[in-house]
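The values are calculated or read from the model by the stated rules, or taken from the named source; none is laboratory data. Quantities reported herein were computed from a predicted structural model and do not represent experimental measurements. Backbone-built Cβ (ideal geometry, glycine too); neighbour counts: all protein chains shown.
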Amino acid sequence: MNPWLVAAAALVFLIGLVHSVLGERMVFHHLRKGGLVPSGGQPGLREFQTRILWASWHVVTALAWALAVVLLWLAQPAVRALSSGVVEAAIAAALAVSSGLVLLSNRGRHPAWIALLAAAALVLMSYR
């Protein structure tokens with residue numbers, strides 16, 4: 001198996017896990033009124049907006065985990081031999097763009113940009 005892609009898959013899975021766990025603890029905990037889905041609004045946020053924000057937050061994790069599975073699949077020698085590199089390039093680009101968005105959104109104060117950029121680099125290293 002390609003160790004670069006395995007490492008990228010592990011990192012992307014971890015990014016998703018940390019994203020959901022810390023989001024629940026730091027963002028949504030105080031918005032929850034006893035149910036699974038937070039329903040407490042805040043100034044500028046209505047209940048519907050809080051609920052869709054929560055769902056969108058966890059969609060990111062679901063997609064990260066799906067991406068990790070794809071990376072593990074691509075790491076297999078038989079699949080790697082058939083790959084033209086297009087999927088890997090698309091994944092690396094998506095991770096790099098995501099890193100840039102996080103970096104720009106908070107001027108580097110949120111460390112997710114580093115993890116996303118590292119995952120993109122690991123995918124690119126798999127070409128060697």
| field | the stretch 112-127 residues that are touching a residue at least 12 places away in the same chain (Cβ under 8 Å) and part of a loop (DSSP other than H, G, I, E, B), paired with ones that are of a type outside the set (Ser, Thr, Tyr) and crowded, with 18+ Cβ neighbours inside 10 Å (beta carbon under 8 Å, 6 or more apart) | value | Ser126/Asn2; Ser126/Trp4; Ser126/Leu5; Ser126/Ala8; Ser126/Leu74; Ser126/Ala75; Ser126/Glu88; Tyr127/Glu88
| note | Among the residues of the stretch 109-128, the number that are under 14 Å from Ala93 (Cα atoms) and among the β-branched types (Val, Ile, Thr) is 1
| query | Looking at Phe48, Phe28, which is the one that is modelled with pLDDT under 95, in contact with a helix residue (DSSP H, G or I) (Cβ under 7 Å, 6 or more places away or on another chain) and of a type in the set (Phe, Trp, Tyr)? | reply | Phe28
| message | Just to be sure I understand the filter: pairs with C-beta atoms under 6 Å, separated by 6 or more residues or on different chains, first member in the stretch 98-111 and at negative phi, second member loosely packed, with under 14 Cβ neighbours inside 10 Å and not in a helix (DSSP H, G or I). Which pairs pass? | response | Val102/His110
